[in-house]
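Asks: Supplied in structure tokens, the structure appears directly below.
The values are calculated or read from the model by the stated rules, or taken from the named source; none is laboratory data. No experiment lies behind these values; they were computed from the predicted model shown. In this analysis, Cβ positions are derived from the backbone assuming ideal geometry, glycine residues included, and neighbour counts consider all displayed protein chains. Each accessible area value is taken on the protein alone, full model and side chains, heavy atoms only, with ligands, DNA and RNA left out. Shrake-Rupley method; radii C 1.70, N 1.55, O 1.52, S 1.80 Å.
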Amino acid sequence: MSFWLSHPLFLPSVIVGITIILWATSLLPEFITALLFFTAAMIAKIAPPEVIFGGFASSAFWLVFSGFVLGIAIRKTGLADRAARALSAKMTGSWPQMVASVVLLSYALAFVMPSNMGRIALLMPIVAAMAARAGINEGTRAWYGLALAVGFGTFQLSATILPANVPNLVMSGAAEGSYGIHLNYLPYLLLHTPVLGILKGAILIGLICWLFPGKPQAMREALPSTPMSRDERRLAWLLAVVLTLWVTESWHGIGPAWTGLAAAFVTLLPRIGFISGDEFSSGVNIRTCIYVAGILGLAITVTQTGIGSAVGEALLHVMPLDAERPFTSFLALTGITTALNFIMTANGVPALFTTLAQSFSDATSFPLLSVIMIQVLGYSTPLLPYQASPIVVAMALGKVPARAGMLLCLALALVSYLLLLPLDYAWFKVLGKL
């Protein structure tokens, strides 16, 4: 016992473990658990402050913050209602059609907009206005379904598009830095889209319609469209500039977070902007910002303290990796990713898994690139919402209770592992990747 107590990873593991349990069970509000993690980690000195509070320096945190600010402006100026009116007539004919339209819109936007958080910030006020026009009120199960359609459609399906989410970029950087492997857009798209994009999207639509039933009201005859106000036009131009900069990030090198932060700054300027200080203080959900910073800080802490490496090495020795049983090895590698997702969350998993990929490749005789690609199913299918910060943000913006998010997470994960995992394995075989 004394050996374990004196081990350098004992205290960090206890703090990380308690934090994960509290997030998974919702025994405390999520932001309070994040504050508890910051407090305990600093008192115990398990890592330097710049590591523990590294989430506040993350681009994901500032995308969440700027997304809240832009969302307030989109709603206040009436731009959300205008976009909702344009979409409602074609997207609210039935509940399956409405859910499918939101999921497809979330997925389609990922092809042109590189940031999960940015897409959620843009879509949530529009979907909320569209739901209100169809008679679906906030706080109802139907509304929870639509909000989750945005979060899950944005995060889980965008994993099939290489530059469309943070874990993909982490994996790409780790593969290039560790092995000199450069991932290409079209081969990546072909490998993942049929199963993890199209089929998973269809399953997501079906589960939402089943778990969160709704009945949109027939749309009344559309009112004549009124001309855009001056503020609407100005905000529309600002959003067009932001979207253009997001899409062309590879050309100018300015990250989506800093483009969004600049837009939020303009939005808040006196006389020039769109929202007041009171509207900012009441509209920006600081609770969610702290929660996201906590998730990101925990992932960084797990990596920097060596907890992640220790767990990865332990899994390497206990999982059934065998060159003679390729499907079992494929299942085991997905299981390793799923296990790592509990302690490192989706953003942190690829950094560790990719560095261990050569060992996994040697044990299974799978090509190295294929081993790296296998992890996508695991990190894009969280078992609990906290493992994917974009889903957390969508739930916060839509005021979705933790229980509803957990229900859809577990249901989609169950179907994905029972149905999609064998199909994913078969598709890898068809393409000659295994």
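Asks: Quick one: Karplus J couplings for segment 145-156, per residue in order, coefficients 6.51, -1.76, 1.60, θ = phi - 60°, nearest Hz, x for Gly and Pro?
Replies: Each residue's phi maps through the Karplus curve to give x, 5, 5, 5, 4, 5, x, 6, x, 5, 7, 5 Hz.
Asks: Could you tell me how many degrees, from 0 to 90 and to the nearest 10, lie between the Cα long axis of helix 307-318 and the main elongation axis, the longest principal axis, of the Cα atoms of the chain?
Replies: 60 degrees
Asks: What does a probe at Ala314 reach in segment 338-367, counting residues whose amide N is under 11 Å from the point 7 Å along Cα→Cβ?
Replies: none
Asks: Quick one: if the Förster radius is 60 Å, what FRET efficiency do Gln217 and Ile181 give, using the C-beta to C-beta distance and rounding to 0.05? Don't skip to the answer; put the middle values down first.
Replies: Numbers: r = 52 Å, r/R0 = 0.87.
Once rounded, the FRET efficiency stands at 0.70.
Asks: Still on this structure, I have one more. Quick one: order Leu123, Leu331 from most to least accessible surface, probe 1.4 Å. Could you put the intermediate results ahead of the total?
Replies: On the way: Leu123 10, Leu331 85 Å².
Per-residue accessible area, sorted high to low, gives Leu331, Leu123.
Asks: So how much accessible area does Lys76 have, in Å² to the nearest 10, using a 1.4 Å probe?
Replies: Estimated to the nearest 10 Å², Lys76 gives 110 Å².
Asks: Given a 10 angstrom Cα cut-off, can you work out which residue in Asp278, Asp362, Asp424 is the most mobile in a GNM of the chain?
Replies: Comparing Asp278, Asp362, Asp424 in the GNM, the peak value goes to Asp278.
Asks: In addition: Per residue, how much accessible area does the chain show when a 1.4 Å probe rolls over the protein heavy atoms, in square angstrom? Walk me through the numbers before you get to the answer.
Replies: Values: 18340 Å² over 434 residues.
I get 42 Å² per residue for the chain.
Asks: If the only charges are +1 at each Lys and Arg Cβ and -1 at each Asp and Glu Cβ, what is the size of the charge dipole of segment 162-303 around the Cα centre, to the nearest 20 debye?
Replies: Values: 8 positive and 7 negative charges, 55 e Å.
It works out to roughly 260 debye.
Asks: What nm value, rounded to one decimal, do you get for the distance between Trp251 and Leu9 when each label is placed 7 Å out toward the C-beta?
Replies: 4.7 nm
Asks: Separate question: If you place +1 on the Cβ of every Lys and Arg, -1 on the Cβ of every Asp and Glu, and leave all else neutral, what size is the dipole of the chain about its Cα centre, to the nearest 20 Debye? Display every interim value, and only then the final one.
Replies: Numbers: 22 positive and 16 negative charges, 255 e Å.
Using Cβ point charges on Lys, Arg, Asp and Glu, the chain gives about 1220 debye.
Asks: Let me ask another. Check cross-link reach from Lys215 to the lysines: straight Cα distance under 30 Å, and skip same-chain residues fewer than eight apart.
Replies: Lys76, Lys90, Lys200, Lys399
Asks: A follow-up question, please. Which of rounded, prolate, oblate describes segment 116-246, given a ≥ b ≥ c as roots of the alpha-carbon gyration tensor eigenvalues and a/c under 1.5 marking rounded, otherwise prolate only if a/b is larger than b/c? Write down the numbers at each step before the final one.
Replies: Values: a/c = 2.93, a/b = 1.48, b/c = 1.98.
It is oblate, given that a/c is not under 1.5 and a/b is not larger than b/c.
Asks: While we're on this one: Could you give the angle, 0 to 90 degrees to the nearest 10, between helix 421-430's Cα long axis and the longest principal axis of the Cα atoms of the chain?
Replies: Helix 421-430 sits roughly 80 degrees off the main axis of the chain.
Asks: Now, a different point. Given the protein chains as shown and a 1.4 Å probe, how many square angstrom of His317 are accessible, to the nearest 10?
Replies: 150 Å²
Asks: Of Gln97, Pro29, Met344, which is farthest towards the positive pole of the chain's charge dipole, taken about the Cα centre with +1 and -1 on the beta-carbons of Lys, Arg and Asp, Glu respectively?
Replies: Comparing the listed Cα positions along the dipole, Gln97 ranks first.
Asks: Among Ile208, Pro194, Pro49, whose Cα projects farthest towards the positive end of the dipole of the chain, with charges put on the beta-carbon of Lys, Arg (+1) and Asp, Glu (-1)?
Replies: Of the listed residues, the answer is Ile208.
Asks: Expressed as a whole number of Å, what is the distance separating the alpha-carbon centroids of segment 308-349 and segment 378-395?
Replies: 19 Å
Asks: For n ≥ 4 DSSP H runs only, could you compute -39500 (n - 2.57) per run for the chain, divide by its residues and tell me the 222 nm figure to the nearest 500?
Replies: Numbers: 24 runs with 314 residues, N = 434.
Result for the chain: -23000 deg cm²/dmol, rounded to the nearest 500.
Asks: What's the longest bit of the chain with no exposed GluC sites (Glu not before Pro), using DSSP loop states and at most 11 other Cβ atoms within 10 Å as the test? Walk me through the intermediate numbers first.
Replies: Values: sites that count: Glu221, Glu324.
That would be 1-220.
Asks: Further question on the same structure: Once every Cα of the chain carries one equal point scatterer and solvent is ignored, give the base-10 log of I(q)/I(0) from the Debye formula at q = 0.06, 0.09, 0.10, 0.13 Å⁻¹, two decimals.
Replies: After summing over all Cα pairs, the log10 values are -0.25, -0.57, -0.70, -1.17.
Asks: Of all the accessible heavy-atom surface of the chain, with the other protein chains kept in place and a 1.4 Å probe, what percent is carbon and sulfur?
Replies: Details: 12420 of 18340 Å².
That share works out to 68 percent.
Asks: Something else now. Can you pull the three principal axis extents for the Cα set of segment 152-221, in Å, largest first?
Replies: In descending order, the Cα extents are 56, 22, 22 Å.
Asks: Moving on. Taking the dipole about the Cα centre of the chain, with the C-beta of Lys and Arg at +1 and of Asp and Glu at -1, give me whichever of Ile74, Trp427, Met228 is farthest to the positive side.
Replies: The Cα lying farthest towards the positive end belongs to Met228.
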